[in-house]
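J.: Shown below is the structure under consideration.
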Amino acid sequence: MRQPGRLVLLGHPVGHSLSPRIHNAALSDAGIPLRYEALDVEPRRFDETLEMLRAERAAGNVTVPHKERMFAACDVLTPLARRVGAVNVFWTDDDGRLVGDNTDVGGFDAAVTQFLGQRPTDLSVGVLGAGGAAAAVLAAVEGWAGCVAHVYNRTPERARLLCERFSAVAHPVDDVGVIAGAQLVVNATSIGLKDDGVPVDPFLIPRDAAVIDLVYRPGETNFVRALRGRGNRATDGIGMLVEQAALAFETWFGIAPSRELMHEALLAS
């Protein structure tokens with residue numbers, strides 16, 4: 001694959017994103033003469049923006065709320081992107097086709113393994129949400145021996161449809177208490193991104209449960225802070241952000257960036 005003509009993040013909003021910091025640090029370190037930029041794309045402007053990027057032979061990342069829409073827009077999808085039903089990494093091939101992939105799965109898998117200090121096995125996993133991020137979580141759980149996931153969403157039908165796609169490991173529930181009682185709880189919603197909202201009452205979660213909030217904000221989310229205050233092991237989405245970004249960088253340029261450098265760029269922010 002030729003070097004992209006432009007490197008972007010598509011989302012709405014994207015002002016909070018730390019992706020430009022970590023990618024630009026990696027680009028500079030690798031001597032690649034590109035800058036990674038965040039584009040705030042309102043849903044009504046998504047199609048026209050994508051046509052412009054196709055003409056520029058762009059590559060990049062996709063974040064909320066565009067991952068599933070990008071999935072539908074791509075001309076070619078990797079098997080993993082098809083499995084998840086969402087695209088968070090794309091590029092333009094030599095024939096001008098948009099190619100979609102998903103590095104959220106690998107990013108989540110690596111982040112959880114690092115967080116727990118071991119490969120997840122024989123765990124009950126509670127998943128809050130039923131969108132593209134939740135699908136990536138379930139795709140990762142499929143690779144964990146003996147693990148089962150329970151999925152809760154405010155719209156039960158969405159949870160049911162998602163679990164049908166991952167029926168070997170996932171089951172929809174209509175009681176958020178089932179999620180809160182899992183050994184590993186994952187917030188795969190966007191709650192907490194814009195304010196101090198929490199996806200579930202932290203007091204419902206047992207103190208011996210581990211929690212990973214895929215949302216990240218400066219100073220961590222209110223959800224993570226509240227859980228830590230109660231004695232839970234809890235972390236935000238920074239680990240997953242770095243891991244999925246490193247996998248995306250390798251996809252675009254064929255070289256693995258320094259994850260340590262990416263983490264340093266985050267600390268500097």
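J.: Return the residues of segment 18-77 that are in contact with a strand residue (DSSP E or B) (Cβ under 8 Å, 6 or more places away or on another chain) and among the charged types (D, E, K, R); say none if nothing qualifies.
T.: Result: Arg35, Glu37, Asp40, Arg54, Glu56, Arg57, Asp75.
J.: Of all residues in segment 152-178, which are over 17 Å from Ala133 (Cβ atoms) and of a type outside the set (Gly, Ala, Ser)?
T.: Within segment 152-178, Pro156, Glu157, Arg160, Glu164, His171, Val173, Asp174, Asp175, Val176, Val178 qualify.
J.: Pairs please, first residue from segment 130-156 and closer than 17 Å to Asp213 by Cα, second anywhere and among the charged types (D, E, K, R) and buried (at least 23 other Cβ atoms within 10 Å of the Cβ), Cβ atoms under 8 Å, 6+ apart in sequence or on different chains.
T.: These pairs meet every condition: Gly131/Lys67; Gly132/Lys67; Gly132/Asp104; Ala133/Lys67; Ala133/Asp104; Ala136/Asp104.
J.: Another question, then. Looking only at segment 37-44, decide whether some residue is part of a helix (DSSP H, G or I) and buried (at least 16 other Cβ atoms within 10 Å of the Cβ).
T.: The answer is no, given that none of the residues of segment 37-44 is part of a helix (DSSP H, G or I) and buried (at least 16 other Cβ atoms within 10 Å of the Cβ).
J.: In segment 178-201, what residues are in a loop (DSSP other than H, G, I, E, B) and of a type in the set (Gly, Ala, Ser)?
T.: Gly181, Ala182, Ala188, Ser190, Gly192, Gly197 - these are the residues of segment 178-201 that are in a loop (DSSP other than H, G, I, E, B) and of a type in the set (Gly, Ala, Ser).
J.: Something else: Within segment 220-259, work out how many residues are of a type in the set (Asp, Glu), part of a helix (DSSP H, G or I) and in contact (Cβ under 8 Å) with a residue 12 or more places away in the chain.
T.: Count: 1.
J.: Just give me the residues in segment 197-212 being within 13 Å of Gly231 (Cα to Cα) and out of contact with any helix residue (DSSP H, G or I) (no Cβ under 7 Å at 6 or more places or on another chain), in sequence order.
T.: Those that are within 13 Å of Gly231 (Cα to Cα) and out of contact with any helix residue (DSSP H, G or I) (no Cβ under 7 Å at 6 or more places or on another chain): Phe203, Pro206, Asp208, Ala209.
J.: Can you tell me which condition Glu250 does not meet? The list is (1) more than 18 Å from the chain's Cα centre (by Cα); (2) at pLDDT 95 or above; (3) among the acidic types (Asp, Glu), and all the others hold.
T.: (1)
J.: From the list His171, His263, pick out the single residue that is surrounded by fewer than 21 Cβ atoms within 10 Å (Cβ to Cβ) and assigned to a strand (DSSP E or B).
T.: The conditions single out His171.
J.: Out of all the residues in segment 89-96, is one or more in contact (Cβ under 8 Å) with a residue 60 or more places away in the chain, within 23 Å of Gly129 (Cα to Cα) and in contact with a Ser or Thr (Cβ under 9 Å, 6 or more places away or on another chain)?
T.: yes
J.: Here's something else I'd like to know. If you scan segment 151-168, which residues turn out to be under 14 Å from Val141 (Cα atoms), among the aliphatic types (A, V, I, L, M) and crowded, with 18+ Cβ neighbours inside 10 Å?
T.: Residues satisfying the conditions are Val151, Leu162.
J.: Out of the residues in segment 84-134 that are part of a loop (DSSP other than H, G, I, E, B) and of a type in the set (A, V, I, L, M), which is farthest from Val169 (Cα to Cα)?
T.: Val87
The values are calculated or read from the model by the stated rules, or taken from the named source; none is laboratory data. Not measured: the values here are computed from a predicted model. Methodologically, a virtual Cβ is constructed for each residue, glycine included, from the backbone with ideal geometry; neighbour enumeration extends over all protein chains shown.
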